[in-house]
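Please treat every number below as a calculation from the coordinates, not as lab data. Bear in mind that the values here come from a model prediction, so they are computed numbers and not experimental data. Quick reminder, even Gly has a Cβ in these numbers, built from the backbone with ideal geometry, and neighbours come from all protein chains shown.
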Amino acid sequence: MKLTHDVNLLAYLRARKIKLVHKRASWINRLIGWLLRVLTGNERYFSSQTTTMWPRRIYYNDKLHAKWTKIKDKHENSVLGQLDLGTAILRTRFWDQDLSGVLESIRPTMIHEFRHERDAFWMGPLFQITYLLLLIPVLLSFGRVWLELRAYKYNIAHWPGRYAKAEACPPKTGALDDRRESALAWVAESLWSVYAWPLPRPWTRWMGRRMVKKYMKKKGML
Ligand SMILES: [Zn+2]
């Protein structure tokens, strides 16, 4: 099934057999979350970040878990009330409206993670090596930024309003429109701070601008 920004989310997960798993239900994510809490002093890894490490799995955060818990409670007397979100998506067909509602609320994130999942699939172990080991040298983790920008291009091209910052960005030659430049600046900033200073921000913006433009041209948006 082709990955596009408007793909049917449920159908895509089922076609590729991707299971959504709550981070706190996975020991490796509990370990990473614990390490990050020690290092950074915050719980963002659990509370707001969604993560893909390898094919067929997407690890979701507490925010989505809270939404899912509400649906489960509503259906507590049926089979759905006994299942976890990933299993419900892959194994049932009766509650598609509820399930699709919860996924649609985070569509930009899902499309972003779908890109990672697909890259993890075709790159094999190279995906993890590129993503993690190339952390060193910290300031020149080109591969990590490249993988993130491949996924963020959907967010910037289709939903810039969710990421655009209030302040205007300085005009540049060959720049994207204001909202997308602003969204790109937000991405460069968050890659810098959340993903441990992988590449100087102006480089990230330059690379991102090229990738978003190429994508938008391909889609007939430019
Ligand atoms: Zn990402």
Select from GLU181, GLU113, GLU43 the residue whose mean-square fluctuation is largest in a Gaussian network model of the chain (Cα-Cα springs shorter than 10 Å).
GLU43
Taking the dipole about the Cα centre of the chain, with the C-beta of Lys and Arg at +1 and of Asp and Glu at -1, give me whichever of TRP192, LEU222, HIS116 is farthest to the positive side.
LEU222
Using the scaling law 2.2 N^0.38 Å as the reference, what is the normalised Cα Rg of the stretch 135-222?
1.02
Let me check against my output: what whole-number percent is the relative contact order of the chain, with C-alpha pairs under 8 Å and at least 6 apart?
17 percent
If you only keep lysine pairs separated by 8 or more in sequence, or across chains, how many in the stretch 1-133 come under 24 Å at the Cα atoms?
17
In whole Hz, the Karplus estimates of ³J(HN,Hα) for the stretch 114-123 (6.51, -1.76, 1.60; θ = phi - 60°; x where Gly or Pro) are 4, 4, 4, 4, 5, 5, 4, 5, 7, 8
Quick calc: nm separation of the 7 Å Cα→Cβ label points for LYS219 and SER190 -> 1.7 nm
Using modelled amide H (1.01 Å from N, peptide plane; none on Pro or chain starts), what sits under 5 Å from the amide H of LEU20, excluding residues fewer than 5 places away?
ILE58, GLY86
Where does helix 62-74 land angle-wise versus the long Cα axis of the chain, in degrees 0 to 90, nearest 10?
30 degrees
